[in-house]
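In what follows, a structure is listed as C-alpha cells, so that the remarks can point back to it.
Throughout, read-outs are computed from the coordinates displayed, never taken from laboratory work. What you are looking at is a predicted structure, and each value in this text was computed from that prediction instead of being measured. When we count neighbours, we look across all protein chains shown, and the Cβ atoms used for this are built from the backbone with ideal geometry, even at glycine.
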Amino acid sequence: MRRATMPLAVAMLLLLPGCAGRSAAGTAGAAPTNRRVIAPAELQEAMSQNVANLEQLVRTRRPEWLRATPQQTGVAGPMAPSTMTQVSQLTVWMDNQRLGGPEVLRTIALSSVSEVRLLSASEAEARFGLNNQGGAIVITGR
C-alpha cells in the first residue's frame, strides 16, 4: 500500500509548482485593469493611435465616467413636497486646479497628462469640497 501512494505523492509535488502564480483567468503575470485609472502606459498607447485629446480617450475607453449620476434633492417623507431629481455633473481637476465640467477634456492634449483618475462623489467632496457631488476626474500633468 505504501509503495502505491509514493508515486502519486511525487507526481503531486512535481505538478503543484506549475499551478502557482497563475491568475484566475489562467495567465501568469497579467495585471488587472483598474477602470478608475488611466495610467501612463494607456496614455502612451492612445497617443500612438493618434487619439486627439483626453475627451476622445475617455469616451472610447472609459465611457462610464461620463454618465450623469442622478441625486435626490429636497425633503423626504409622507408630508414633504415631492423631491426633485438633480443630475450632478463631474468636475475636472488638473494639478489641484478646478478646470470645469467634462467638456474641458476636449481641450487637454494627451501629451500633457501623466495620469487620469476617477473619484466617486464622496471621494471628490472629501478632497475638493462640497461642489463635487457628481464625482471628479483628476488629471495629473507632466
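Amide H to amide H, which residues 5 or more places from Gln89 or on other chains are under 5 Å from it, using H placed in the peptide plane?
Answer set, sorted by chain and number: Gly134.
Efficiency by 1/(1 + (r/R0)^6): what FRET value for Asn50 and Arg127, r their Cβ-Cβ distance, R0 = 22 Å, to the nearest 0.05?
Computed FRET efficiency for Asn50 and Arg127 comes out at 0.10.
So how much slack lies between Asn34 and Ser112, counting 0.36 nm per residue of separation and subtracting their Cα-Cα distance, in nm?
This chain segment gains 26.0 nm when fully extended.
Using R₀ = 22 Å, calculate the FRET efficiency as 1/(1 + (r/R₀)^6) where r is the Cβ-Cβ separation of Arg98 and Arg61; round to 0.05.
Calculated transfer efficiency: 0.40.
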